[in-house]
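Single-structure report; data block below.
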Amino acid sequence: MSDAPPRDFIRQIIFEDLESGKHDEIVTRFPPEPNGYLHVGHVMSICLNFGVGEENDGRTFLRFDDTNPGKEKAEYVRAIERDVHWLGFDWEDRLTHASDYFDQLYDSAERLVETGAAYVDSLSAAEIREYRGTLTAPGKNSPHRDRGVDENLDLLRRMRAGEFKDGEHVLRAKIDMASPNMNLRDPALYRIRHIDHQRTGDKWCIYPMYDFAHTLSDAFEGITHSLCTLEFEDHRPLYDWFLDQLKPEHRPRQIEFSRLNLAYTITSKRNLNALIEGDVVSGWDDPRMPTIAGMRRRGYPAAAMREFVKRGGVTKKDKLIEMGVLENCIREQLGESAERRMAVLHPLKVVLTNYPDDQVEIMQAMNHPNRPDLGTRDMPFSRELWIEREDFLEEAPRKFFRLKPGGEVRLRFGYIIRCDEVIKNDTGNVIELRCSYDPDTRSGTGTSDKKVKGTIHWVSAAHAVPAKVRLYDRLFTVPDPNSVDDFMTVLNPDSLETVDAVLEPALKTLAAGQSVQFERLGYFCTDSEEHSAEAPVINRIVTLRDSWAKIERQAMSG
C-alpha cells in the first residue's frame with residue numbers, strides 16, 4: 001500500500017498557502033466532543049487533520065470540546081485517546097480542552113456585549129424557537145434585543161455568579177433575525193447549566209455554545225486550517241462573524257469536506273446507543289459496531305483503516321462507500337502480514353482406518369505461502385481427524401472436488417485420502433467418515449505421483465484445541481439503513497453466529513488481539529477482551545472473498 005497521499009483540494013489549498021508565504025507552519029486540530037465513542041466517520045477527520053500536519057512538518061492538536069458537561073464522561077475521553085493512538089497518530093504535548101479557555105471565552109463574550117454585538121435574552125427556549133422563524137419565514141427580534149450595554153453586562157455577570165435558574169436567561173449574538181441562514185439569527189453564545197464539569201468542577205454555571213467555543217479555541221491555538229465536515233458549511237458565516245467581531249491575533253480558515261459514509265452502517269450516536277440499549281449489540285466495542293473500538297476489537301488493522309480513508313478521497317461531494325472497499329483494504333493488509341493456520345469451524349470426524357492407532361506424525365506447515373522468512377510450524381497428524389462439514393457431500397455434483405463417497409482428496413500438508421464409508425446417526429445425519437490414506441502421498445516427501453483436484457484443511461482430533469469462534473457479518477441488510485423509517489427493521493439476523501470450532505495446536509499460543517488467516521476460511525483475530533489460552537475466543541475479521549459484492553453493487557446502483 002502506498003503511503004503518499006493524493007493532493008486533494010484541501011492539500012492543494014495548504015500547498016498554495018505555504019508557497020505564497022501566507023503561513024510558515026500548518027496547524028490543525030481534531031476536536032471531538034467526549035459524549036460517546038468515535039466511529040468510522042471520525043477516521044477520515046483524524047487521518048486528514050493529523051495527516052496534513054505530519055506531511056507539512058506542522059502541528060496537530062487533540063482538543064476535547066467539553067462544553068456540555070451533562071453528556072460528557074471521562075470514559076469517553078480515554079476511549080478517544082486510545083482510538084487516535086491506535087490509528088497511528090500522536091498529539092505529543094498538544095492535548096487541550098475547550099474548558100482550558102473558559103476564562104478567555106467568557107472575556108470574549110463580555111467584549112461582544114460591550115461593543116453591542118451581544119445581548120442577554122430572557123425569552124424561554126420555546127419562545128426563542130417561535131421568534132426564530134422558519135426556513136421560509138424570517139424571524140423577529142426579541143423584546144430584550146435592545147437592552148443597553150450596562151444592563152446586559154450586569155445580567156451576564158449575574159448569570160456567571162449563579163443568581164439565575166437554568167433557562168432563565170441566555171446570551172445571544174446580535175446579528176440578523178431575517179437572515180436566510182438560520183445560524184445567523186441571533187445564535188446563543190452562553191446558556192445557564194447548574195451542573196459540575198468533569199474538569200472545572202463547580203467553578204462555572206454557564207457554558208459556551210459549540211460554535212462560539214470552537215471558533216475561538218481555534219484562534220487561541222493558532223489553528224491555520226479548521227477542517228470540518230460539510231454539515232458545518234452553513235456555520236462558516238457565523239465562524240467568520242466571531243472572528244470579524246473579536247479580531248483575535250490568529251485567524252483560522254474553515255474548510256469543509258464530505259463525510260465518510262460507509263454502506264451497511266449507521267453512525268448517529270443516538271442510534272448506536274439504541275442498538276446497545278436494545279441488546280442488539282453487546283456494547284460500544286461490539287465487533288459489529290462501526291465504532292473505532294469495535295473495529296479494533298474485531299481485528300481491523302489500523303493501516304487498513306488509513307488506506308480506506310485514502311481510497312475514499314477528500315472531496316466536497318457526499319458519498320456512500322461500499323463495504324467491500326474497506327474489506328478489500330483489510331484483506332490486502334492481512335494477506336501480506338497474517339500467518340496461516342488451520343481451524344475447522346463445523347467439524348466432521350474422519351477416521352483413517354488403515355492408519356496405526358498409536359502413531360502421530362509431525363507435518364511441516366508453511367506459516368505464509370509467499371514469505372519464507374516467517375518459517376514453518378509443526379502440525380500433528382493422527383488416525384482421527386476433523387474436517388469441515390461442508391467439505392463432504394454424500395450426493396455430490398460432478399464438479400465437486402472435495403470429499404465424497406468413493407472420492408479422493410488431499411489433506412493440506414498431509415496425505416491423499418479416500419472416503420470408503422459414511423456413518424450416520426438414527427436421524428440420518430452424517431456423523432463420521434471412514435477413510436483410508438495412501439502412505440506414499442505425503443506432501444513434500446511422498447513417492448507417489450498421484451494427483452487429485454481437491455485439497456482440504458484438517459485438524460488432528462487428539463490434538464485439537466476447542467474454541468468459541470464468532471462469525472461476524474454486516475449488521476444491516478441494506479446499504480443505507482438511514483434511508484428507512486426504522487433502521488431496526490433492517491437488522492441482519494445473521495450478523496453473528498457463534499460456533500464451537502477446533503483449532504490446530506499452534507493457535508493456542510496466540511496473544512490477545514493477534515490476527516491470523518484460517519486457511520480457506522478467512523482472517524480471524526483473538527478477542528481482546530475475552531480470549532485466553534485456556535478458553536480461546538476468536539472473532540472473524542473478514543472472509544477471504546467478498547460474498548456481498550454483487551448484492552451490494554446492485555443495491556447501491558438502485
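Shape index of the chain: Rg/Rh, with Rg the Cα radius of gyration and Rh the Kirkwood radius from the inverse mean 1/r over Cα pairs, equals 1.11. Percent relative contact order of region 343-456, based on C-alpha pairs within less than 8 angstrom and at least six residues apart? Relative CO of region 343-456 lands at 26 percent. Each of V325 and L135 was given a label point 7 Å from its Cα along the Cα-to-Cβ line. The distance between the two points is 2.7 nm. Extending 7 Å from the Cα toward the beta-carbon at both N482 and Q104 defines two label points whose distance is 3.3 nm.
Of the peptides 333-341, 366-374, the ranking by mean beta-carbon count within 10 Å, highest at the top, reads 333-341, 366-374. Dividing the radius of gyration of the alpha carbons in region 75-140 by their Kirkwood radius gives 1.21 for Rg/Rh.
Each label was represented as a point 7 Å from its Cα along the Cα-to-Cβ direction; for L393 and R111 these points are 7.6 nm apart. Loop-located trypsin sites (Lys or Arg not before Pro) across region 435-497 with a Cβ neighbour count of 16 or fewer within 10 Å are K450, K451, K453, with loop assigned by DSSP. Only bridges whose two residues both fall in region 9-257 count here: according to DSSP, what percent of them are antiparallel, nearest 5? Given both bridge residues lie in region 9-257, the antiparallel proportion sits at roughly 50 percent.
When only C-alpha pairs under 8 Å and at least 6 residues apart count, what is the relative contact order of region 9-257, in percent? Please report the intermediate quantities before stating the final value.
Working: 395 pairs, mean separation 45.4, N = 249.
Taking the mean separation of contacting Cα pairs over the length of region 9-257, I get 18 percent.
Could you calculate the contour length gain from H85 to R434, that is, 0.36 nm times the residue separation minus the distance between their Cα atoms, to one decimal place in nm?
Working: separation 349, 0.36 × 349 = 125.64 nm, distance 5.30 nm.
120.3 nm is the gain from fully extending H85 to R434.
Anything over 29 Å Cα to Cα? Flag those among K203/K247; K319/K468; K73/K165; K73/K468, in the order listed. From K203/K247; K319/K468; K73/K165; K73/K468, over 29 Å: K319/K468; K73/K468. Between A533 and H463, full extension at 0.36 nm per residue minus the direct alpha carbon distance yields a gain of 23.8 nm. The relative contact order of the chain comes to 12 percent, based on Cα pairs under 8 Å that sit 6 or more residues apart.
Would you mind getting me the FRET efficiency between V149 and D279? Use the beta-carbon distance for r and R0 = 60 Å, nearest 0.05. Kindly include the intermediate steps, with their values, before the conclusion.
Values: r = 55 Å, r/R0 = 0.92.
Calculated transfer efficiency: 0.60.
Distance between the C-alpha centres of region 1-70 and region 350-371: 52 Å, rounded to the whole angstrom. Cα centroids of region 118-150 and region 508-539: 59 Å apart.
Mind checking region 223-313 for GluC sites (Glu not before Pro) that DSSP puts in a loop (not H, G, I, E or B) and that have at most 15 other Cβ atoms within 10 Å? Walk me through the intermediate numbers first.
Numbers: sites: E231, E233, E249, E256, E277, E307; in loops: E249.
Sites meeting the loop and neighbour criteria: E249.
With a ≥ b ≥ c taken as the square roots of the eigenvalues of the C-alpha gyration tensor of region 18-123, please select rounded if a/c is under 1.5 and otherwise prolate if a/b is larger than b/c or oblate if it is not? Oblate, since a/c reaches 1.5 and b/c is not below a/b.
Based solely on its DSSP helices, what 222 nm [θ] is calculated for the chain when runs of n ≥ 4 H residues each add -39,500 (n - 2.57) and the sum is averaged over all residues, nearest 500 deg cm²/dmol? Show your work: numbers first, answer last.
Values: 13 runs with 147 residues, N = 558.
Rounded to the nearest 500, the figure is -8000 deg cm²/dmol.
Per-residue extension of 0.36 nm, minus the Cα-Cα distance of N370 and N354, leaves a gain of 2.3 nm for this segment.
Pop the C-beta distance of D166 and E19 into the FRET formula with R0 = 45 Å and round what comes out to the nearest 0.05.
Efficiency, from the Cβ-Cβ distance: 0.35.
The alpha carbon gyration tensor of region 343-456 gives principal lengths a ≥ b ≥ c with a/c of 1.5 or higher and a/b greater than b/c, which makes the shape prolate.
All alpha carbon pair distances within region 9-257 were sorted into 5 Å bins beginning at 0; the resulting P(r) in whole percents reads 1, 6, 13, 16, 18, 16, 13, 9, 6, 2, 0.
Given +1 at the Cβ of Lys and Arg, -1 at the Cβ of Asp and Glu and no other charges, the dipole of the chain around its Cα centre is 1340 debye to the nearest 20. Annotation: lysines with alpha-carbon distance below 30 angstrom to K399 (same-chain offsets under eight excluded): K349, K424, K450, K451, K453, K550. Taking the DSSP bridge list for the chain and keeping only pairs wholly inside it, about 65 percent are antiparallel.
Any read-out appearing in this document is the output of simple, stated calculations on the displayed coordinates, not a laboratory observation. Computed from a prediction, not measured in an experiment: that's the story for all the values here. Don't worry about glycine lacking a Cβ; one is built from the backbone with ideal geometry, like all the others, and counts go over all protein chains shown.
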